[in-house]
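The values are calculated or read from the model by the stated rules, or taken from the named source; none is laboratory data. Predicted model, so just to flag it, every value in this text is computed and none were measured. Every residue, glycine among them, receives a Cβ derived from its backbone with ideal geometry; neighbour counts consider all protein chains shown.
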Amino acid sequence: MLAWLAILLYSLPMAMGHYDICKSWVTSDEGPSWEFYACQPKPMKMNGYVIVKMEPPGITCGEPPERFCTHENPYLCSDECDASNPDLAHPPRLMFDEEDDGLATYWQSVTWSRYPEPLMANITLTWNKSIELTDDIVVTFEYGRPTVMLLEKSLDYGRTWQPYQYYADDCLEAFGMPARKIKDLSVTTAHRVLCTEEYSRWAGSKKEKNVRFEVRDRFAIFAGPDLKKMDNLFTRMESAKGLKDFFTLTDLRLRLLRPALGGTYVQRENLYKYFYAISNIEVTARCKCNLHANTCTFREGSLQCECEHNTTGQDCGKCKKNFRTKSWRAGSYIPTPHGSPNACAAVGSAFGIVAQRKAMTPASASSIQEGQKKRDCECYGHSNRCSYIDFLNVVTCVSCKHNTRGQHCQHCRLGYYRNTSAELDDENVCIECNCNQLGSKHDRCNETGFCECKPGATGPKCDDCLPGYHWRQTCTRNVCDEELLLCQNGGTCHQNQRCVCQSGYWGVLCEKTKCDSRQQDCGSAAASPAEHSEIGLVCGILILQLVQVLNL
Ligand SMILES: *[C@@H]1O[C@H](CO)[C@@H](O)[C@H](O)[C@H]1NC(C)=O
Ligand SMILES: *[C@@H]1O[C@H](CO)[C@@H](O)[C@H](O)[C@H]1NC(C)=O
Ligand SMILES: *[C@@H]1O[C@H](CO)[C@@H](O)[C@H](O)[C@H]1NC(C)=O
Ligand SMILES: *[C@@H]1O[C@H](CO)[C@@H](O)[C@H](O)[C@H]1NC(C)=O
Ligand SMILES: *[C@@H]1O[C@H](CO)[C@@H](O)[C@H](O)[C@H]1NC(C)=O
Ligand SMILES: [Ca+2]
């Protein structure tokens, strides 16, 4: 009872629809059971989990020790960077540390003493984990912000990179791009990569320290200025994959291309005042767990989702072993507020929520013993039941659906063939042969969907006739046609079945002359109701009489 209460209390925040719980214990007509929801971890500061790489080697100041000045005080170059002295060193880790109030600790580059060779630096941040930004990226520069810089991101652990945002005091000059503001973006362009001049102009090194990558402003396009309507954003992300991916990354790279100039041109006589210094890089994000986990922990050197819904993997990107009866799917934000868990289905259970309900009800307890043998019950999602065949010592799927059959529902039923563009666990894996009932010998086909045809029939489905045959209930050999079996003496071929002869001729192909009314077979070729000649009429009557006699 206490446990129940605990779970009940635990499930209360779910009403807010922030996808923060993965399951809750509910009571329905069928009894108590788990219900599952799409879920995601809370946003967190990512500083503590990052691996940072600086390029080029030797870009960090202090080896050898170096003096530097500031823009505010360009001729008082009393400050010193010395890597061997902890009080004067400026290593990269100081971009991610906790700072005491008012005392900025920062990474610092060498000065621009090699001018006019450009002073450039790459700062690559690696999480070895897909993360989804939930707030602005804020980079804090001491002693002035770069006049030209580029933010890049990777979605594939650093294999490929793409620009994320361009920053320059003059976008056109630096990148050939017009300057834009996030405010100019709309619902359809919210994930556009742009160049901004907002964070690169000189405003005094103490006044404006931050360079932002604006996540909140982009969210606000969907969720409103105070981000109260996050459901709108999430719903939109479900339909626009590009939007979701835009905020997802595994790595970030800051490419510092030109340092702060203090509002002037580069003064060659005092290059000690040009350098980069970063005191903080703030990245707020949540682990990407494909809506299958609400916690993410740091284990074995990297972040890992604590996967629910019987999924596994760093991003919960696949189904656990023995839960692969259905293809893996990411959870979905819709329908709001709980979304769809799209859980992996356990072998030997039905799918999704219903499955779990059944599994929890006492009624199914009797099947547990049978369940022991169901370890090998793999049915590719086409069945939820197996039975054990004692004398063969095999476990076999029963009641395979979707027109499948076989021990693992891995074959197609007779009358169906394998859809080569579908996986084995696809509902469309078997395609009906659709053999023409009249033209084919039976309703089965070979692996490429070809039916077996009766004589005279052809085509994949046996609904065509070979030359010399025509379609009449099935393919029937022609009596006459326009190529091989020509009606003679001016006769015309009627529906490939018979020749309609000119008066005075008869025979199958009207090859015989002079119908003598006393001859028995006279009318066999001339019994056409279309023939109104007297002879034809007489012959017709004769035949009718003959038929009547024979029937008696
Ligand atoms: C920064 O990275 C880019 C892309 O790999 C590379 O082309 C460039 O040379 C690097 N810059 C520095 C200063 O190492
Ligand atoms: C990245 O994460 C994966 C999965 O947790 C792990 O196997 C791998 O060793 C990690 N790589 C590095 C460089 O930390
Ligand atoms: C996952 O599998 C376990 C063990 O069979 C089961 O208790 C749990 O309810 C399953 N969860 C989901 C979401 O399918
Ligand atoms: C074959 O499977 C694919 C993938 O599920 C499906 O899109 C297609 O419609 C199937 N083909 C037929 C003829 O059913
Ligand atoms: C199926 O039958 C057709 C027609 O007889 C033939 O061309 C094709 O090669 C057969 N496919 C297979 C896989 O046997
Ligand atoms: Ca710091």
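A few comments on the model shown:
- Within the range 397-431, considering residues that are among the polar types (S, T, N, Q) and without any contact (Cβ under 8 Å) to a residue 12 or more places away in the chain, the one farthest from ligand 5 (Cβ to nearest atom): 421
- Of all the residues in the range 433-471, those that are touching a Cys at 6+ places or on another chain (Cβ under 9 Å) and either closer than 20 Å to residue 493 by Cα or assigned to a strand (DSSP E or B) (or both) number 17.
- Residues of the range 204-262 that are among the charged types (D, E, K, R) and either in contact with a Lys or Arg (Cβ under 6 Å, 6 or more places away or on another chain) or in a strand (DSSP E or B) (or both): 212, 251, 253, 255, 258.
- Of the residues making up the range 291-319, those that are in a loop (DSSP other than H, G, I, E, B), within 16 Å of ligand 2 (Cβ to nearest atom) and either under 16 Å from the mean Cα position of the chain (by Cα) or on the phi < 0 side of the Ramachandran plot (or both) are 293, 295, 306, 307, 314, 315, 316, 317.
- Any chance residue 148 is away from ligand 1 (no atom under 16 Å from the Cβ) and within 43 Å of the chain's Cα centre (by Cα): no
- Among the residues of the range 111-158, those identified as crowded, with 20+ Cβ neighbours inside 10 Å, assigned to a loop (DSSP other than H, G, I, E, B) and not polar (S, T, N, Q) are 112, 119, 142, 143, 144, 145, 146.
Per-residue answers, yes or no, for (1) modelled with pLDDT of 90 or more; (2) surrounded by fewer than 12 Cβ atoms within 10 Å (Cβ to Cβ); (3) within 16 Å of ligand 1 (Cβ to nearest atom):
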| residue | (1), (2), (3) |
| --- | --- |
| 5 | no, yes, no |
| 12 | no, yes, no |
| 38 | yes, no, no |
| 42 | yes, no, no |
| 52 | yes, no, yes |
| 55 | yes, no, yes |
| 84 | yes, yes, no |
| 89 | yes, no, no |
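- Residues that are closer than 28 Å to residue 201 by Cβ and surrounded by 10 or more Cβ atoms within 10 Å (Cβ to Cβ) within the range 91-110 comprise 92, 94, 95, 96, 99, 104, 105, 106, 107, 108, 109, 110, listed in sequence order.
- Conditions (1) more than 25 Å from residue 145 (Cα to Cα); (2) at pLDDT 95 or above; (3) not small (Gly, Ala, Ser): number failed by residue 251: (1)
- Lone unmet requirement of (1) outside any loop (DSSP other than H, G, I, E, B); (2) among the charged types (D, E, K, R); (3) under 42 Å from the mean Cα position of the chain (by Cα) for residue 97: (1)
- Residue within the range 159-177 that is of a type in the set (A, V, I, L, M, F, W, C), under 33 Å from the mean Cα position of the chain (by Cα), surrounded by 15 or more Cβ atoms within 10 Å (Cβ to Cβ) and within 17 Å of residue 243 (Cβ to Cβ) present: no
- Test: residue 325 is closer than 20 Å to residue 202 by Cα, assigned to a loop (DSSP other than H, G, I, E, B) and β-branched (Val, Ile, Thr): no
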